Amino acid sequence: MCRWLVPRDRLRRRDRVSTWRLREPVRQLHARSRPDVHRARHGGVGGGVAVCPLAADALQRTRPHLSPLGHSAADARRSHVVPTPARALRGRDPQRSRLRRTCGRGPHRPRHHRTLLRDRSRARRSRTQRTIARGGRGARRRHGRGRNRHVTPRIRALVTGSDGFIGSRVVARLLRDGIDVRALVRRGLATNRAARDDTAPDGARLERHRGDVCDRRAVERATEGCDVVFHCAYGGASLQDARRINVEGTRHVVDAAARAGIRRVVHLSSMAVHGYRFPEVLTEECPLTTGGDAYSMSKAEGETLAFAIGAAKGVEIVALRPSLVYGPRSPYWVVSYFERTKNEQITLIDGGAGLANLVWVDDVVEAMITAWQHPAAAGEAFLISGEHPVTWREYIGRFAEMCGKPMPPSIPGWRAKIEAPWRRVWGTLTQRPRGLSGMDLTLMPNRTTVSIAKAKRDLAYAPAVSFDDGMRACEAWLRQQGFLPPLSVAA
């Protein structure tokens, strides 16, 4: 009990009380073998001490001199907060019943009983505010109204694969929009760089959560307190690794979202789910592949599984199938093709007349944000690409212009299919990169156009960056990163 007493040197002379009035009830309490104790709760704190009736009477007589830690004696006298027996809290106290019969239930009740009710409501508010601040499961939905309507809930988004090319751009965009982001990362480098490059107004906070989508418990911990999930993680060179990440990882994400009460998951898929034997116009109604390489097969299985789990557990799944995503920091479609062009290790097929369905990275991010917010997107899949495809000759020719190299040589498609295995063996023996890759043989001869009519109709999707503007931005980034000399040196 002494922990609630104000130090004697802080009390004025007329406020001091003799110590025997407090020590005597305590001695009686310890002297009794089985004391008839009551649980007393100090108002607004939530802690309790066991006292006997005599001690409770002594505390009530000295209530002006009691105050919680961190408050003055004057505050204690104004608030009149006193410990009260537990049966008084439950409404079964005989003394309180006598007081009610004597004083009634109106405004003339004893002051300490009125203070008790007010102080209990204050304690409920503090617990509620702590729950909201902690971001517990469903805290905003439970406590967003009534007494705590002044508390403005913040939106928190979980981004998997946030250290990747597209995931880091999603993190940067959400922070710019003032949305708190929890980034599920295995490495903290790319996400840190994206956060430094983009300011976060309105107090948006970036929280890095170490974990892997293949770890079910880590994903469940990451989804707690989130409102939406952007699933951007992918990977796997072999079919086993690809299924572990793209299939089982997707299962963990959707299951954890359902467990946490998250309404919508935006799943970043790929147009590769349709395989690589494209028709003349590729639409969402084209069947998903059941064969091919590890990436396309695992992405198709993961997307199908996400829709199945979402329908069974009440989670809205939106799948986006972007085409060839390019932009600054693109490891394959920008850095790899630039290096191959610079080192003259790339070959055009059929003169580069095939169509490259490129899409700017920020256009994909914009489509993901719209897919989260648009009600008509629930349970749908959308192909995302640029407004107009360009030829492979135009695309690779831009890299040749940047580094001052001639246009790469060209061979017919039939010859490329014959030479590709021999070039692979020759490259392994000589430790020199071959001029044809498997992706070149798959994509360069294609004349397919990716249709974005559904995304335009349902998501109001409109690519904002043209091919010329995008390539200029890529060139500026390549010069900034040292892949190309600065313009002053080049001139």
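We did not get these values from a lab; they are worked out from the coordinates using the rules stated. Note that the structure is predicted; figures quoted are calculated from it, not measured. Neighbour counts run over all protein chains shown; Cβ positions are idealised from the backbone, glycine included.
A few points about this structure:
- Sequence-distant lysines (8 or more away, or on other chains) whose Cα lies within less than 19 Å of K299: none
- In the stretch 266-323, Rg over Rh equals 0.98, where Rg is the alpha-carbon radius of gyration and Rh the Kirkwood radius from pairwise Cα distances.
- Think of the stretch 267-339 as a dipole: +1 on every Lys or Arg Cβ, -1 on every Asp or Glu Cβ, centred on the Cα centre; then among T290, A272, V315, V315 lies furthest on the positive end.
- Bridging of K405 to lysines at a Cα separation below 17 Å is possible for K342, once same-chain residues fewer than 8 apart are set aside.
- In the stretch 239-370, the alpha-carbon atoms span a convex hull of 140 Å³ per residue.
- Cut-off 11 Å between beta-carbons: net charge of the residues surrounding W360, Lys and Arg +1, Asp and Glu -1: -4
- Whichever lysines have a C-alpha closer than 22 Å to that of K417, once near sequence neighbours (fewer than 8 apart) are set aside: none
- Counted by Cβ distance under 11 Å from A256, the other residues give a net charge of +2, where Lys and Arg count +1 and Asp and Glu count -1.
- Counted charge near A462, where neighbours are those whose Cβ lies closer than 11 Å (Asp, Glu -1; Lys, Arg +1): -2
- Added length on full extension, which subtracts the Cα-Cα distance from 0.36 nm per residue, Y332 to Q345: 3.2 nm
- For R182, the amide hydrogen comes within under 5 Å of the amide hydrogens of A157, L158, V159, E207, counting only partners 5 or more places away or on other chains and with H modelled in the peptide plane.
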